[in-house]
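What follows is one structure encoded as structure tokens, with my remarks underneath.
The values are calculated or read from the model by the stated rules, or taken from the named source; none is laboratory data. Source: prediction; values computed, not measured. With ideal geometry, Cβ positions are generated from the backbone for all residues, glycine too; neighbour counts draw on all protein chains shown. Each accessible area value is taken on the protein alone, full model and side chains, heavy atoms only, with ligands, DNA and RNA left out. Shrake-Rupley method; radii C 1.70, N 1.55, O 1.52, S 1.80 Å.
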Amino acid sequence: MSIATKISILGAGESGIGAAILAQKQGFNVWVSDGGKIKQKYKDTLNDLDLPYEEGSHNMNEILSSQLVVKSPGIPEKAAVMKAIREAGIEVISEIEFGYRYCKGKIIAITGSNGKTTTTLLTYDILKKAGVSVALGGNVGNSFAASVAESDHDYYVLEISSFQLDDINSFKPHIAILCNITPDHLDRYDYKMENYAASKFAITKYQDENNFFIYNKDDAETLKYMPHHTIKSKPLAITLQNESTEGAWLDETNTIHITINNQEQMNINELALQGKHNTYNSMASGLASKLLGIRKEAIRESLAGFESIEHRLEPVLQVYGMQFINDSKATNVNSTWYALDNMHEPTIWIAGGVDKGNDYSQLFGLVEKKVKAIICLGVDNSKLHQEFEGKVDLIIDAADMDEAVRMAYKMGEKGDNILLSPACASFDLFENYEDRGRQFKAAVRNL
């Protein structure tokens, strides 16, 4: 690629700062612009690197004089700054695409509506324990661009969102994993499922016959949209059905089999992470690792010993016999479905936040069977009340996390689960889902 003289980085969060670091290292003339307030830690980085930046507005003269723009995944196309850039015909890419242009290692990229964080961390853990040179990045860990700027690695394990995939034009992972597709972020995709699915399938767009595509054969939406996309890489399925397949499958004894080139590679019968969703995650991670030539022993050791991740069905404390569970990472309905499906005791469900066009109907059966009360935590809870009225005995509103936790504690009984699994984004009351989960844990510990 010919190096652009001037590059503008839009957004000064983890992604934008990583892009700025890499851009400076590659000799670009860098301008960083954030329409909001920049966190102090990121300002400190920009100041230490002597990189010019602005916050609270966009200097269009600076931006429109650029030959390349790296856009934060959080900036929608309908934003005024993006409309002006598009009209000017300036090339726009994501930080993932920018990092890829200077990456020398093999990329394992994971996307999907649910399970991508766990699958990413599992895959990284396997490779790290196997002793290979590996970096973790994307939506978890450091930004990909920052990792590329820091040092060369043989492998990069990346969690990739649909927003990041919207602005790629050459990104080609050696192994692409699509965990599943369920309705999420539809507000960014004109409320059309086919647009959202196309964004997810973009992870395969630039792959060739020397690459691999791991997909969930049991996911109806993936199978529905797969024929609409040309996939040149080798597809490998994961399934919980007892049917031998090229990829990974589960037999009647709950043993995972990994098969490549129609040859049995290994089987796994002990998983640290329980639940149907985690079996899929473990399958995808194990299959990807086997494709990379990782030893069976390293894969088994990691999948059997992996500890659960923060904010995903994370046990917090037992208080007077009630188990408080932090599932703040459940920012869509399908993720909450897995959480509720995993509950085996009467459950008080704390839900709510920014609704992204949610269809709650898939939760009705589980809620009627398992949930004794819903505590709504959000600025506008009207849709939750409307959807679940009559399906549980009690639906009440809480003004903040402390109040929600205190309400749950007062109405709960010994043996109950108190589950924070919002099914919504966090931005109305919290900085992000991590902030929401940590506030939940702090409130539980303060009981």
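Can you name every residue in the stretch 412-435 that is outside any loop (DSSP other than H, G, I, E, B), at pLDDT below 95 and either surrounded by fewer than 20 Cβ atoms within 10 Å (Cβ to Cβ) or not hydroxyl-bearing (S, T, Y) (or both)? I'd like the intermediate steps shown before the answer.
Of the stretch 412-435, the ones outside any loop (DSSP other than H, G, I, E, B) are 417-420, 425, 433-435.
Narrowing the set further to residues that are at pLDDT below 95 leaves 425, 433-435.
Once the filter is applied, which keeps residues that are outside any loop (DSSP other than H, G, I, E, B), at pLDDT below 95 and either surrounded by fewer than 20 Cβ atoms within 10 Å (Cβ to Cβ) or not hydroxyl-bearing (S, T, Y) (or both), the stretch 412-435 yields A425, E434, D435.
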If I ask for residues that are crowded, with 21+ Cβ neighbours inside 10 Å and in a helix (DSSP H, G or I), which ones from the stretch 298-337 would you list? I299, S302, L303, V333, N334, S335, T336, W337
Looking only at the stretch 220-239, how many residues end up being in a loop (DSSP other than H, G, I, E, B) and over 20 Å from L291 (Cβ atoms)? 2
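Got a sec? Which of S66, S72 is in contact (Cβ under 8 Å) with a residue 12 or more places away in the chain, polar (S, T, N, Q), crowded, with 16+ Cβ neighbours inside 10 Å and in contact with a helix residue (DSSP H, G or I) (Cβ under 8 Å, 6 or more places away or on another chain)? It would help to see each step written out before you state the result.
Numbers: S66 fails: in contact with a helix residue (DSSP H, G or I) (Cβ under 8 Å, 6 or more places away or on another chain).
Every option except S72 fails the conditions.
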Identity of the residue in the stretch 75-104, surrounded by fewer than 16 Cβ atoms within 10 Å (Cβ to Cβ) and among the small types (G, A, S), that ends up nearest to E159 (Cα to Cα): A79
Would you check if D219 is open to solvent by less than 30 Å² (accessible area, probe 1.4 Å), touching a residue at least 12 places away in the same chain (Cβ under 8 Å), among the charged types (D, E, K, R) and in contact with a strand residue (DSSP E or B) (Cβ under 7 Å, 6 or more places away or on another chain)? no
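Could you list all residues from the stretch 138-166 that are open to solvent by less than 30 Å² (accessible area, probe 1.4 Å) and without any contact (Cβ under 8 Å) to a residue 40 or more places away in the chain? Let's see the steps before the verdict.
First pass over the stretch 138-166, keeping only residues open to solvent by less than 30 Å² (accessible area, probe 1.4 Å): 138, 140, 143-149, 156-162, 164-165.
The one that is open to solvent by less than 30 Å² (accessible area, probe 1.4 Å) and without any contact (Cβ under 8 Å) to a residue 40 or more places away in the chain: V140.
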Given the criteria hydroxyl-bearing (S, T, Y), closer than 16 Å to H277 by Cα and either in contact (Cβ under 8 Å) with a residue 40 or more places away in the chain or out of contact with any His (no Cβ under 8 Å at 6 or more places or on another chain) (or both), does Y225 qualify? no
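I'd like to check something: does the stretch 12-26 contain any residue that is out of contact with any helix residue (DSSP H, G or I) (no Cβ under 9 Å at 6 or more places or on another chain), open to solvent by 30 Å² or more (accessible area, probe 1.4 Å) and part of a loop (DSSP other than H, G, I, E, B)?
Within the stretch 12-26 (the criterion being out of contact with any helix residue (DSSP H, G or I) (no Cβ under 9 Å at 6 or more places or on another chain), open to solvent by 30 Å² or more (accessible area, probe 1.4 Å) and part of a loop (DSSP other than H, G, I, E, B)), the answer is no, since none of the residues qualifies.
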For the stretch 338-365, give me each residue that is closer than 21 Å to A408 by Cα and open to solvent by less than 20 Å² (accessible area, probe 1.4 Å). A339, L340, M343, T347, I348, W349, I350, A351, G352, G353, L363
